[in-house]
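Since the structure comes first, as structure tokens, the remarks are kept for the end.
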Amino acid sequence: MILVISQNKDKKTLIAKAGVALAEKFKKDFRLVAANEVENIADYCQENEASFLLIQLTDSKINTVQKNLNACRDLRIPYIFWKNNFTAFYAKKILVPVTFLEEEIEKAQFAAAFGRFFSTHITVLQANDYGSKAKTTVEKMITFFDKFSLNYEIKYAKKDSFKLEKESVEIAKSQNFDLLLISASRTYGLDDVIFGPHERKTIINSDIPVILVNPRADLYALCD
């Protein structure tokens with residue numbers, strides 16, 4: 001099921017139309033619910049066997065974005081943040097930044113889903129790190145994409161893993177990407193509490209829908 005959480009249940013809104021587009025392409029059922037009807041997003045998604053979630057952002061204020069991020073921390077499905085000022089849903093080009101974190105490989109299956117069902121062009125942006133972890137992950141992604149003969153390219157970032165998503169927002173804006181796919185933080189450390197997690201900054205600064213994937217705590221260690 002493609003689940004859309006909006007401020008109302010008007011199927012004529014752009015976020016509802018985006019959800020319908022996803023449902024039609026992915027061959028899933030579609031459900032639109034008002035935000036005040038959902039008390040616990042993770043439980044609601046699990047109970048309704050949702051495979052993709054779209055959340056409407058009423059504004060880009062820090063508190064609003066963080067409140068929604070907190071509500072999605074336990075999700076095991078990808079979720080999209082949709083701002084009120086977005087005009088339409090397109091999926092011609094998706095940007096996938098890849099850092100040194102091992103969970104970045106999880107992005108491959110969701111990027112591939114867009115490539116398979118929307119014929120989306122996938123651009124993988126590899127972090128400019130001294131180590132080989134990002135490169136290794138990108139190589140695994142290439143192997144996966146080639147299985148489905150997907151349309152993709154690999155680009156090399158100017159910035160390292162710690163500044164990659166900021167660069168991604170700039171590239172997405174200057175090169176007219178339609179979607180940005182990132183990983184959420186595993187845990188919130190002291191810096192995240194004080195300055196905010198990287199995904200919050202990305203969502204606030206992005207001019208296009210941002211897709212987030214939560215790392216699986218049962219699959220990845222907390223040290224790299």
Index of the failed condition, GLU24 passing every other in (1) open to solvent by less than 80 Å² (accessible area, probe 1.4 Å); (2) without any contact (Cβ under 8 Å) to a residue 60 or more places away in the chain; (3) closer than 19 Å to PRO209 by Cβ
(1)
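Can you spot a residue in the range 117-131 that is open to solvent by 20 Å² or more (accessible area, probe 1.4 Å), among the hydrophobic types (A, V, I, L, M, F, W, C), outside any helix (DSSP H, G or I) and more than 30 Å from ALA21 (Cα to Cα)? Please lay out each step first, then the result.
Pass one, the range 117-131, residues open to solvent by 20 Å² or more (accessible area, probe 1.4 Å): 117-119, 121, 126, 128-131.
If we keep only those that are among the hydrophobic types (A, V, I, L, M, F, W, C) too, we end up with 117-118.
Imposing the further condition that a residue be outside any helix (DSSP H, G or I) reduces the set to 118.
Okay, now just the ones that are also more than 30 Å from ALA21 (Cα to Cα), so none.
Looking for residues that are open to solvent by 20 Å² or more (accessible area, probe 1.4 Å), among the hydrophobic types (A, V, I, L, M, F, W, C), outside any helix (DSSP H, G or I) and more than 30 Å from ALA21 (Cα to Cα), one finds none in the range 117-131, hence no.
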Between PHE100, PHE89, which is part of a loop (DSSP other than H, G, I, E, B), open to solvent by 30 Å² or more (accessible area, probe 1.4 Å) and more than 30 Å from ASP10 (Cα to Cα)?
PHE100
So which of PHE81, PHE144 ends up being surrounded by fewer than 22 Cβ atoms within 10 Å (Cβ to Cβ) and touching a helix residue (DSSP H, G or I) at 6+ places or on another chain (Cβ under 8 Å)?
PHE144
Kindly provide the set of residues from the range 151-171 that are open to solvent by 20 Å² or more (accessible area, probe 1.4 Å), under 14 Å from THR123 (Cβ atoms), of a type outside the set (Phe, Trp, Tyr) and not in a helix (DSSP H, G or I), ordered by number.
ASN151, GLU153, ILE154, LYS155
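Answer yes if at least one residue in the range 59-69 is of a type in the set (A, V, I, L, M, F, W, C) and surrounded by fewer than 15 Cβ atoms within 10 Å (Cβ to Cβ), and no otherwise. Spell out how you get there, then give the answer.
Applying the first criterion (of a type in the set (A, V, I, L, M, F, W, C)) to the range 59-69 yields 62, 65, 69.
Next, only the ones that are surrounded by fewer than 15 Cβ atoms within 10 Å (Cβ to Cβ) stay: 62.
For the range 59-69, residues of a type in the set (A, V, I, L, M, F, W, C) and surrounded by fewer than 15 Cβ atoms within 10 Å (Cβ to Cβ): present.
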Residues to consider are ILE2, ILE15, ILE94; find the one that is open to solvent by less than 60 Å² (accessible area, probe 1.4 Å) and free of Cβ contacts under 8 Å to residues at least 60 places away in the same chain.
ILE2
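Taking the options ARG76, ARG31, name whichever one is modelled with pLDDT of 95 or more, basic (Lys, Arg) and open to solvent by 30 Å² or more (accessible area, probe 1.4 Å). Before the answer, list the steps.
Values: ARG76 fails: modelled with pLDDT of 95 or more.
Among ARG76, ARG31, only ARG31 is modelled with pLDDT of 95 or more, basic (Lys, Arg) and open to solvent by 30 Å² or more (accessible area, probe 1.4 Å).
The values are calculated or read from the model by the stated rules, or taken from the named source; none is laboratory data. Bear in mind that the values here come from a model prediction, so they are computed numbers and not experimental data. Positions of Cβ are backbone-derived with ideal geometry, glycine not excepted, and every protein chain shown enters the neighbour counts. What goes into the accessible areas is simple: the full protein's heavy atoms, side chains included, and nothing from ligands, DNA or RNA. Shrake-Rupley method; radii C 1.70, N 1.55, O 1.52, S 1.80 Å.
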